[in-house]
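Have a look at the structure below before the remarks.
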Amino acid sequence: MKKGILLLFSILIISISGLKAQRFTGFTDNPAYTVEEVKTYLSSVPKERQKEADALLERFTQFWESPWMDEDAQDVFIDVANKMIKKRMRPFPHFQAYVEAYAAFISSPFNGELETWSKIIQYHIDDESTLFKEKMQIYADIFTQNRLYNSANSRWTAYGEASAIGIDKEPYIRFDDIDLVGSSAHDSLTIVSAKGDYFPSSLIFKGKEGMVYWDRAGLGSDVNAKVINFSVDVRFSKFEAADATLNYPKYFSKPVKGRLEEKAGLSTTEEKATYPRFHSNDNRISIKDIYKNVDYIGGFELRGSSIQGSSDGSNMSEIYVKKDNKVVVKVFSKNFLFKPDNVLAEDASIRILIDEDSIYHPAANFKYNENTKELLISRPKQGVGRTPFFDSYHKMDITAESISWKTDEERIEIKPIVGTTSESPAFFESQNYFDPTIMRKIWGYNDVNPLYTLWELFKANHYEPLHLHEVVAWFKKSEIDIKSMMIDFAARGFIEYDITNDKIIYRKKIAQYLNNDVKRKDYDNIILESKTHYASYDLVSKDLRVTGCEFFVLSDAQIVNVYPADEKVIVKKNRDMVFSGRIVAGLFDFVSHNCEFNYDKFQVEMNVIDSMIMYVPDEHGPVNVYGEHKLRKIESPIEELAGTLFIDVPGNKSGTIDYPDYSIFEARKGGKVY
């Protein structure tokens, strides 16, 4: 039994020794033997790969006997191959990849730089043996097809010749003047006249300079950007350059510094292309007449053929719309979208200038059409956009869908959005108007009116803008509840709420309503309702012409109501008004035209009264529960007179204090009774 075990052990030792003797240990220095030695080397591959081995041997033989493989080239090949064997690199895939890369190199313009080539291969043997096949394929592609990288998602090709190969910290291939093209499955990008080094190990092209054109976005060759010191990760069909200079002669007389992004993505048309992209470093660039009579100041971003105005957060981008070289409309927004024939902005702060005053909205949508010369300002139906337009000239808050202006006309229209049928009226509310029911709604079931709580916080902060988290901490409620409350307050005109930055801005209406509610400050009852949802503002006279106004109240306390003729009212500065029609004022009923209402004096000048009917107490008739006699109409009206209606004491527009003598009519021209 022991003899049998010893015999078996001896057989195993002999077998193992035989296997070791058959292992290929390297190539000799004599190139004449190399083909046979390769044959021996390949004989060790598994039987299932023998056909591949035979094909590789045939390929190697052709390569080895080619005219480019002189003695020096053969010596370098053998030296590197032996180093691979010492590293236990296998025939497949390593030796096969080495042969293909060497064959490509030796037929390239760099075949005389054998020492450098040897160092490059040695680098990949020592540092990247696990990726050796992939790296050798890259060199083969570069030397035969000028292809830097190829995968299912990204392909980069150099159109032009490499100028040098070398190795510093890692191998590189230098290009002095190529068109570098990056491709995805459906799109491509090009860096023209590119100069730089490609590093196959890190798969990075470090560009020194190059040019990017906007031709794939449909723009001419005069629109381009020079990029310097940029980097391309060839695994992706995109790149960015932090140092770019844009040339766009249509808008800029000199190049603009900024950053560039380029990407090959999905197949698209010139009109829909969103790349290349350029963003200016300067966020206060001035472009005069970006459209005729439209100037722009702000950041400049080019996305495909579309221009976008942008801001840095601290400064908004600005548009100025002019007429007769005078700015009429100012628009401030974080972003503008410029197209060939129009510009758009959302959540924009907009002012229509009226001398030192304006019609203002803090968060409206803006559009200007260059072809039709039409400017549109529309109020969003949700969120803070529901805030009314604030008219500081006429001192009215305007609740309407939109303001429209054809910039070659002298009239600005307040009306429903074109293409919609609005059944809701427009309202023109005096900025001293007070509605106690609003205060009751805001108060709700709270112990303290939330409007007062917010006012206290503003007061503590000297009425400076607040951040939402300050308000949340002050109220000690959830952020969702406070945010909803702030949106409601903004829609009612009590505050301005910059919802993007969560900034809350004080408006005097808060203090006004709080004071009105406790009778500490006078207020009025003036609110014009336009059933037709229409009014117009005249740029020359500055008059606001409201139509569709069936009636409005000048004083609830003194029962002074106006029923305008043709439902038209002209509002002038500070709520002064001109109208014709019927005025019911206490014991008087007038029909007049060219009436002039003076807000500060709180009186109506009636220069031409067609008729006046008076009512007097019927002292012979019954009395009501208050002991008052029923009013009796005097049958004969007085005609063709003129005079002044004093509605109430000017500081008592609310009628909080009872002045029983008002309203008072004072005739300055005698009338006739027929």
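Diagonalise the Cα gyration tensor of the chain and give the resulting equivalent ellipsoid semi-axes, square root of 5 times each eigenvalue, largest first, whole Å.
Values: eigenvalues 1614, 166, 64 Å².
Value: 90, 29, 18 Å, ordered largest first.
Report the semi-axes of the equivalent ellipsoid for region 532-674 in whole Å, largest first, where each axis is √(5λ) for an eigenvalue λ of the Cα gyration tensor.
They are 28, 18, 14 Å, listed largest first.
Helix-only mean residue ellipticity at 222 nm, the chain, DSSP H runs n ≥ 4 weighted -39,500 (n - 2.57), per residue, nearest 500. What is it?
-7000 deg cm²/dmol
How much net charge surrounds V256 when only the other residues with a Cβ under 14 Å from the Cβ of V256 are counted, with Lys and Arg +1 and Asp and Glu -1?
Taking every other residue near V256 into account, the sum is +3.
I'd like the Karplus ³J(HN,Hα) series for region 139-146: coefficients 6.51, -1.76, 1.60, θ = phi - 60°, whole numbers in Hz, and an x wherever there's a Gly or Pro.
5, 4, 5, 5, 6, 9, 10, 6
Can you work out ³J(HN,Hα) from phi for every residue in region 390-406, in order, using Karplus 6.51 cos²θ - 1.76 cosθ + 1.60 and θ = phi - 60°, giving whole Hz and x for Gly and Pro?
Coupling constants for region 390-406: 9, 9, 7, 6, 7, 6, 10, 9, 10, 9, 8, 5, 7, 10, 10, 8, 8 Hz.
Please give me the summed charge of the neighbours of K339: other residues whose Cβ is under 13 Å from its Cβ, Lys and Arg +1, Asp and Glu -1.
Details: positive: K272, R303, K367; negative: E271, D341, E370.
Taking every Cβ under 13 Å from that of K339, the sum is 0.
Which entries in the list K395/K653; K254/K373; K330/K459; K441/K542 go over 24 Å, if you measure between the two C-alpha atoms of each?
On the way: K395/K653 15 Å; K254/K373 29 Å; K330/K459 30 Å; K441/K542 36 Å.
Listed pairs above 24 Å: K254/K373; K330/K459; K441/K542.
Can you tell me which lysines have their Cα less than 24 Å from the Cα of K272? Leave out same-chain residues fewer than eight positions away.
Hits, sequence-local ones excluded: K226, K238, K250, K263, K334, K339, K367.
As an exercise, identify the GluC sites (Glu not before Pro) in region 127-208 lying in DSSP coil whose Cβ has no more than 15 other Cβ atoms within 10 Å.
Here the sparse-neighbourhood loop sites are E128, E161.
Within region 561-655, list the GluC sites (Glu not before Pro) lying in a DSSP loop whose Cβ has at most 15 other Cβ atoms in a 10 Å radius.
The qualifying sites are E619, E628, E635.
First measure r as the distance between the Cβ atoms of Y463 and K292, then evaluate 1/(1 + (r/R0)^6) with R0 = 51 Å and state the FRET efficiency to the nearest 0.05.
Computed FRET efficiency for Y463 and K292 comes out at 0.80.
Calculate, in nm to one decimal, what I167 and S193 gain on full extension: separation in residues at 0.36 nm each, minus their alpha carbon distance.
Once the chain is fully extended between I167 and S193, it gains 7.0 nm.
Enumerate the amide H contacts of K323 below 5 Å, restricted to partners 5 or more residues apart or on another chain; note that Pro and chain-start residues carry no placed amide H.
Correct list: V328.
For the peptides 466-473, 290-297, 357-364, 446-453, what is the packing order when you average, over each peptide's residues, the other Cβ atoms within 10 Å and list the highest mean first?
Top of the packing list down: 357-364, 290-297, 466-473, 446-453.
Using per-residue counts of other Cβ atoms within 10 Å, averaged over each peptide, order 455-461, 106-112, 221-227 from highest down.
The most tightly packed comes first, giving 221-227, 106-112, 455-461.
Could you please report the charge total around K630, scoring K, R as +1 and D, E as -1 over all other residues with beta-carbon less than 13 angstrom from its beta-carbon?
-1
To the nearest 10 degrees, how steeply does helix 71-86 sit against the main Cα axis of the chain, on a 0 to 90 scale?
So the helix axis and the longest Cα principal axis differ by about 80 degrees.
Tell me the label-point distance for the pair K519, K531, using the 7 Å Cα-to-Cβ offset, in nm and rounded to one decimal.
Here the modelled spin labels are 3.6 nm apart.
Less than 27 Å apart at the alpha-carbon level, and either on another chain or at least 8 residues along: which lysines does that give for K119?
K39, K83, K86, K87, K133, K135, K169, K195, K206, K208
A short reminder: the numbers here are calculations on the coordinates, not readings from a lab. All values derive from a computational prediction rather than experimental measurement. Cβ sites come from the backbone with ideal geometry, for glycine too, and all protein chains shown count toward neighbours.
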